[in-house]
Structures are given as structure tokens and as C-alpha cells.
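A quick write-up on the structure given underneath.
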Amino acid sequence: MASIATLAAIALSAPLQAQETPPPSAAAAPRTPPKLIVTISVDQFSADLFAEYRNRFTGGFARLLNGAVFPSGYQSHAATETCPGHSTILSGFRPEHTGIIANNWTDLKTPRADKQVYCAEDESVPGSTSSKYTVSDKHLLVPTLGERMKAANPAARVVSVAGKDRAAVMMGGHKVDELWWWNGKAFVSYAGRVAPPVVERTNTTVSALIAQAQGPLDEPDFCLPHDRAIPVGGGKTVGSGRFERAAGDAGKFRASPAFDAAILALAAGMIQDMKLGQGSATDLIAVGASATDYVGHGYGTEGNEMCVQLANLDRSLGSFFDILDKTGVDYAVALTADHGGHDLPERNREHGIPEAARIDPNFTLAGIGEDIIAKLKLKVTGPLLYGDAGSGDVWIDPTLTKEQHAAVLKEALARIRAHPQVADALPASAIAATPSPSGPPETWTLLQRARASYYAPRSGDILVAMKPRITPIADPTRGSVATHGSFWDYDRRVPILFWRKGMTGFEQPLSVETVDIMPTLAGLIGLPVSAPKPDGRCLDLDAGLGSTCH
């Protein structure tokens, strides 16, 4: 299969040193810190998908299921998007402290014409826009585990590779030795960085792969019940695809299992070429496997496409771990996701969920703003309200007087709340007055979930929560058919898995948070977590793993 062949071709093109290594579970885990931390984020890998397929895995996921399994991990905040989620994984902080409140936010004070700011850009670069930007880590306000490791021991090396720039940046942090992401055509990095040989050979191999047509991938027997076309309008159907691709179609390559194989291949090659885990200090590599998210958006979470994607990702992860085994390095793995996901409403309704629906196309901030302008007889030169009525933050024109602002806020809250698809609209004042949440995240109120995402300098005047099963995509014929980003647990719950060779496996069914991963890994390598203190806590993995919670 192309995905496995790609992984092997890239990672094994440099010779491995011969090592006599026992099978993965042959010996008890040593009590000393591992020499390499491997943290993997599978974009949009919800706890629901994990539960659905866990008994089908035979490769890399199956190996991780022999470790420490936390099936109810939470991206506990309301902003269940890629950038906020990745900012929690290796920082230990929720978005209220990372400052990453969304993939994009509105900054009406920025001097450029484009007032939308991308989470991983430097908007001060002349001529930039939120869609044509310079990648930067400047918006991440907290250190990552890799930064803490390098501060404690400068010999520690930190690498981050991902299918998305925001995933690589948010997990890698501000001080990395190598940081690479896919830009739609090739793996790239910050301006001025010289591509090491492993990046060059990855790009060469992947470019050749994209140039070739891709026939339908094999369909495991357990995928057959998912193989059914679902009409979504305009003659478009999803649900029965197997990732056929015309020669040169880089877009379909990105939304396919081969993309994750290429990302894992680059990670394996980095480990091999840089000899990560073979120096005097523990090293870290963060890997952002992004294809599952593109598959979820493009085809939904319950069709044949997602089934084939996860079966192939399982195999690619198995090949990745096999390559790492051959290096002889003592490594530990943490795998999770940046958020969950929600299937398309057309299939949800067929599955007996009548409340599943697409957002009312007439429910727009432009329309609401026009009505408020007319009622209050306001004179404004631009939009009154900025953002998206169906999802996330809403900003009010900052040029209004205090009295006008209050009147607009009151009207906007009333009109948004009155829509039958809206669960609530939360004003910033109420969110800011709510203490930072604690306790089991599944019990948090909407206000507490919003508080975990609220950072006053960037957050809006209103945060909108749609009702469960409302998809904020009115027209699925022009792009994505499904998405995420809600307050609800299908978007918040993700698996958290830890593994190290020889550890005694166990499963903890109670809820934990992704912010617990960083302090847990710090405990595993004996790294005291000094200020700033994270929101997360160290999880007890001392079942033969050798972890110590400080």
C-alpha cells in the first residue's frame, strides 16, 4: 500500500545502526527516564472514533492500547479547534492562558486592513493577511515541555513536524531545533532555515507520489457496513470513497492516509538522522498527524472514508514504531488529539438523530447587525458585528460610545439567543466573572467551558454556543460537509494514551484533560515543573513505567 511504502522509503533511506533490541514488551520498563519523548496528535481523533474502532486496531494503536489508556481525555474548553487544542497538549495550559482562543480571531485595532488574525502568524509583517501570512509563534503566551527541557538542560533537542503549521508551532513552542510543516506543496519551515537531507528526500518522495494517480485503497471487511453513499445536495455524495486520486491532485493527497504516512516518515527520518534519544539528555519530538481532520471535514466521521483512513493510520503508526524500535532508543509515547468531531447531519438523521441539522443560512451577523443599526438609528462606517453568528466569538464595533456599545450588546444577545438553533450567547462580562474551572470537565457549565477559552485581549464581546448537533456549515456542496468547534463533548472528548516498552498497561475510565499530558511527561523524565505552573496535573503512570509526579 502506498502509505506504508512511503513511510519505509523515506525513513529507511538512511542506514540504521544495528541494535540488539528485545521485543516491545519483553522487559520491564527501566526506572530511569526515557531518552526520547514522542508526542503524537491525531487531528480530529475523537473519543467516539477511538471507542468505535479500538477493537479493530492491529498496528500502532494496538501497541498503545497495551499502555496507559485514558479513553475520556478532554480538550475541556469551548474553543474545540486545531490551534487552541494543540496549544494545550505540550504546554499544560488551557487556552485562557495560552492565549490561543481560536484558529482565527478579530483584532479591530490591528493597523492592517485585514482585521482577522491567524493564530500562528505575525500580523505585523508588512503586506501580510490572515490567509497570506508569515508563520510565527508570537501568539503563544506560555512555554512548552520542549522549552522547559531545554531550559533545564541545553543539550536536550526539540523537534516538531506536522501536517499543519499551527500544529507544529503550538506543540513545538518558541525554542525548537527543527520545526517543519506541510504548506500544500512541500514540507517547509521558518524563513532562512536550511532543509536537512531528510526533509529534502521526504519532499522528493512525496512529490513523486503526488504526481502519480492513486487507485482505490483496500477496504477492510469491518469497513463494509460504513460503505454507503449519503447525498448532501447538488448531486454530491460522501460515504463510499476509497481515496482514488488523479495524478497531481495535492488536495486529495492531503485528505488521505498517504499524508499521515508522509508526516510520520519525516518524523522517523528526523529521529534517525538526528540520532534523537542517543545524546546525553532526553530529547522530544512532536508529531501532528493531520489527515484525519481533512477526512472528517471532507467526508464526515462515520463513512467508509474515515474507516479506511483509521485502518491505514493504524498500520502507518505500527511501521513508525517498528522503525523506532530498530534504533534501540528507549522511547515513550503520548498520543492524543487536538479536538473531536461531529458527523454530517444528513447521516446523523439517518442514524436516528432528528435534531441534527445545518445552520440556518439566514442566521448571519450581517443581518443581525443591520436590524440593530436600523432599530437604534446608529451611524457606522463598517460592519456593526464581526465574527460568525453560528460559531465562536462575536466582536462589536469598538468605535461606538459606551452607551451605544451597551445597547448593541443587549440587542445582539437578545437576537442571537432568540434563534431556535442557539443554546446560549454568553457576554464577555459573564465569562470573565466566572472563576477558572476545576473538577471533572464533563460537569462544567457552558460558562465554565467558555471561561477556559477566554483571554480578554483577544476574545470577543459575545461567545455563541449553538445547540447540540447543529453543524455551522449551511452549504455542504462547496467545501466541507462536517466540522467541529462546539461546546459539546463529541468535540471535547479525545483519547489520551501513554506507552513505553515493558510498562504494565492499565485503563483509567475517569475523565482527565489534555493539559495533564505535559506535567505527566515532565514527571516521567524527572523534570520539576517550575513557574509558570500549568493548569494540568501529573497523572500517575507508575505501573512499571517509572514515572514520578512532583
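Let a ≥ b ≥ c be the square roots of the eigenvalues of the Cα gyration tensor of the range 240-365; is it rounded (a/c under 1.5), or, if not, prolate (a/b larger than b/c) or oblate? Prolate is the answer for the range 240-365, as a/c is 1.5 or above and a/b outweighs b/c.
Seen from all directions on average, the range 485-550 presents a Cα convex hull projection of 5.4 nm². Among the chymotrypsin sites (Phe, Trp or Tyr not before Pro) within the range 105-170, not one is in coil by DSSP while having at most 16 neighbouring Cβ atoms inside 10 Å. For the range 508-519, 3J(HN,Hα) computed residue by residue from phi via the Karplus equation (6.51, -1.76, 1.60; θ = phi - 60°) reads 10, x, 6, 5, 9, 10, 5, 5, 7, 5, 4, x Hz, glycine and proline entered as x. Close amide H partners of residue 506, meaning residues 5 or more places away or on another chain with modelled amide H under 5 Å apart, are 68, 69. With everything on Cα atoms, drop me the angle between helix 365-376 and the longest principal axis of the chain, reported from 0 to 90° to the nearest 10. For 365-376 against the chain, the angle is about 30 degrees. Sort out the exposed loop trypsin sites (Lys or Arg not before Pro) in the chain (DSSP loop, at most 11 other Cβ within 10 Å) and tell me the longest stretch that has none. The longest uninterrupted stretch comes out as 186-376. Here's how it looks for residue 485: its modeled amide H is under 5 Å from those of 80, which are all 5 or more places away or on a different chain. Taking the Cα centre of the chain as reference, the dipole from Cβ charges on Lys and Arg (+1) and Asp and Glu (-1) amounts to some 780 debye. For the chain, the share of DSSP beta bridges that are antiparallel, to the nearest 5, is 50%. Sites count as exposed loop sites when they are GluC sites (Glu not before Pro), lie in a DSSP loop, and have at most 16 other Cβ atoms within 10 angstrom; the longest stretch of the chain without one is 21-243. Annotation note: chymotrypsin sites (Phe, Trp or Tyr not before Pro) in the range 223-279 located in DSSP loop regions with a Cβ neighbour count of at most 10 within 10 Å are absent.
With respect to the chain, whose longest principal axis is taken over its alpha-carbon atoms, helix 197-211 is tilted by about 70°. The shape of the range 171-276 comes out prolate: with a ≥ b ≥ c from the C-alpha gyration tensor, a/c is at least 1.5 and a/b beats b/c.
Over 21 Å between Cα atoms, which of 109/402; 164/467; 164/533; 185/252 qualify? Table pairs above 21 Å Cα-Cα are 164/467; 164/533. Counted residue by residue at 0.36 nm each, then reduced by the alpha carbon distance between them, the extension gain from residue 109 to residue 129 reaches 5.7 nm. Just so you know, the averaged projected area of the alpha carbon convex hull for the range 299-454 sits at 14.7 nm². Distance between the 7 Å Cα→Cβ label points at residue 403 and residue 376: 1.2 nm. By other beta-carbon atoms within 10 Å, ranking 480, 131 with the fewest at the front produces 131, 480.
3J(HN,Hα) couplings calculated from phi for the range 290-299 with the Karplus curve 6.51 cos²θ - 1.76 cosθ + 1.60 (θ = phi - 60°) are, in sequence order, 9, 5, 4, 5, 5, 5, x, 5, x, 10 Hz; Gly and Pro show x.
Across the range 236-250, coupling constants 3J(HN,Hα) worked out from phi with the 6.51/-1.76/1.60 Karplus curve, θ = phi - 60°, read 8, 10, 9, x, 10, x, 9, 6, 4, 8, 6, 4, x, 7, 5 Hz, and Gly and Pro carry x.
What order do you get for 329, 464 when you list them from fewest to most C-beta neighbours inside 10 Å?
On the way: 329 20, 464 29.
So the ranking, lowest neighbour count to highest, is 329, 464.
Considering only alpha-carbon pairs that sit under 8 angstrom and 6 or more positions apart, the relative contact order computed for the range 443-535 is 16 percent. Amide H to amide H distances under 5 Å link residue 230 with 238, 239, 240, where only residues 5 or more positions off or on other chains count and H is placed in the peptide plane.
Largest first, the three principal axis extents of the alpha carbons in the chain are 79, 54, 47 Å in whole numbers.
We did not get these values from a lab; they are worked out from the coordinates using the rules stated. Treat the numbers as computed from the prediction; the structure is a model and nothing was measured. Methodologically, a virtual Cβ is constructed for each residue, glycine included, from the backbone with ideal geometry; neighbour enumeration extends over all protein chains shown.
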